[in-house]
Amino acid sequence: MVESVRSDLPQGCLGPFTAWLRRSAQPPPPPMPHPVRGIEVRDWQLPSSVPGVDFHLTGQIFWQVLAGKSFHPDLENLARHAVHQRVASVTSAGHPAHHVSLRIRLNTELGESMMDPTGRIAARAEDLTLSLADGALERIQRYQDLLLAKAVWDLESQLERDRTRYFRQEVLRDTSSAAAWWLARNPAGTGEAAAMVEHLGHWVRAVNGPGDPEPAPAGPPLTAAVTELAADMDESSRQLFVNHLARVLEQYGRVRAGAELRLLLPQVTNGSHAPPR
C-alpha cells in the first residue's frame with residue numbers, strides 16, 4: 001500500500017527550510033491587552049452651580065492603558081484627571097438640592113469607558129456617591145429665601161415709585177388733570193364733579209407744595225376775553241354763549257372759572273363791559 005503525500009507540504013531536501021520560511025512570514029499574534037486597574041477615590045471636592053457649595057464624591061475608577069502612545073510617567077493620575085474632568089462637567093451645572101438625580105446621571109454616563117484627551121488610557125467609574133457638608137442644604141434654602149424676598153421687595157418698591165411718579169407728573173399735575181382722571185374713573189358721577197374739584201385742588205396743592213402753584217394760562221384774563229368776544233352779540237346769543245362756555249369749563253373741572261363766567265353774565269348782558277362802538 002502506497003502512503004499518500006500531502007500536496008500542500010514542501011517536498012525534497014529543501015522542504016524543512018521552505019516550511020520555516022512560510023512560518024516566519026505569517027504575522028505575529030496580536031499583543032495581549034493591558035490589564036484593567038482600579039483606583040478608590042474618597043471625598044473628592046467638586047463644584048456645584050451655587051458658589052461656595054461643593055459636592056463630595058466617593059467611588060471607584062477603572063482604567064486601562066491603550067497601546068500605540070508614547071511613554072507617560074504617571075498613567076494612574078492621568079486616569080484620575082480624566083474622570084475628574086468628566087464628573088466636574090456634570091456637577092458644575094447641578095444644583096446641590098438635586099444631588100440624588102446628579103448621582104444617577106454620573107453613574108450612568110461615567111459607567112462607559114472613554115479614552116482620555118491624550119489617547120493613552122481609557123477610564124470609567126462605578127459606585128459613585130455625592131454628598132454635601134453638614135448644614136449646606138439649610139444654608140442654601142435660607143439664601144434662596146433671601147433672594148426671593150429681595151426680588152419681591154425690589155418689585156414692590158419699583159411699583160410704588162412708578163405709581164408715585166404717575167400721580168405726581170400726570171394725575172395731580174394740576175386741578176384739571178386731576179378732575180379728568182376722576183371723571184374717567186367715575187363717568188356716571190358728573191353731578192359730583194363740582195364737589196370733587198375742591199378736594200382734588202387740595203391734593204394738587206399738597207403734592208406740588210405751596211411754592212409750586214398751578215400754572216396760570218397765558219394771555220388776558222378769562223372774563224376780559226369773554227366780554228370782548230360777546231360784545232357784538234345780541235342779548236340772547238350772549239346768554240347762550242356764556243352759559244355754554246361755563247358748562248364746558250365745569251365739565252372739564254374748571255368749576256371756579258365757570259362760576260366766574262356766570263357772575264359775569266349780567267354785566268355782559270347789560271353791556272357794561274362791552275367796548276364802545
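The values are calculated or read from the model by the stated rules, or taken from the named source; none is laboratory data. Computed from a prediction, not measured in an experiment: that's the story for all the values here. Cβ atoms come from the backbone with ideal geometry, glycine included; neighbour counts cover every protein chain shown. To get the accessible areas, we keep the full protein, side chains included, count just its heavy atoms, and leave off ligands, DNA and RNA. Shrake-Rupley method; radii C 1.70, N 1.55, O 1.52, S 1.80 Å.
Quick one: length gained pulling residue 263 to residue 234 fully straight, 0.36 nm per residue minus the C-alpha distance? Mind dumping the intermediate values first?
Working: separation 29, 0.36 × 29 = 10.44 nm, distance 1.85 nm.
This chain segment gains 8.6 nm when fully extended.
Please give the length that would be gained between residue 244 and residue 60 if that part of the chain were fully extended, namely 0.36 nm times their separation in residues minus their C-alpha to C-alpha distance (nm, one decimal). Provide the component values of the computation, followed by the final result.
Working: separation 184, 0.36 × 184 = 66.24 nm, distance 9.51 nm.
So the extension gain works out to 56.7 nm.
On the protein heavy atoms, probe 1.4 angstrom, tell me the percent of accessible surface of segment 32-185 carried by carbon and sulfur. Kindly include the intermediate steps, with their values, before the conclusion.
Numbers: 5400 of 9720 Å².
Carbon with sulfur: 56 percent of the solvent-accessible area.
Could you work out the local net charge near residue 171, counting Lys and Arg as +1, Asp and Glu as -1, over the other residues with Cβ closer than 12 Å to its Cβ?
On the way: positive: 163, 165, 168, 173, 185; negative: 170, 174.
With Lys, Arg at +1 and Asp, Glu at -1, the net is +3.
Compute the length gained on full extension between residue 129 and residue 50: take 0.36 nm times their separation in residues and subtract their Cα-Cα distance, giving the result in nm to one decimal. Present the calculation step by step, with values, prior to reporting the outcome.
On the way: separation 79, 0.36 × 79 = 28.44 nm, distance 1.89 nm.
Extra length available between residue 129 and residue 50 comes to 26.5 nm.
Per residue, how much accessible area does segment 88-192 show when a 1.4 Å probe rolls over the protein heavy atoms, in square angstrom? Please report the intermediate quantities before stating the final value.
Working: 6910 Å² over 105 residues.
Dividing the accessible area of segment 88-192 by its residue count gives 66 Å².
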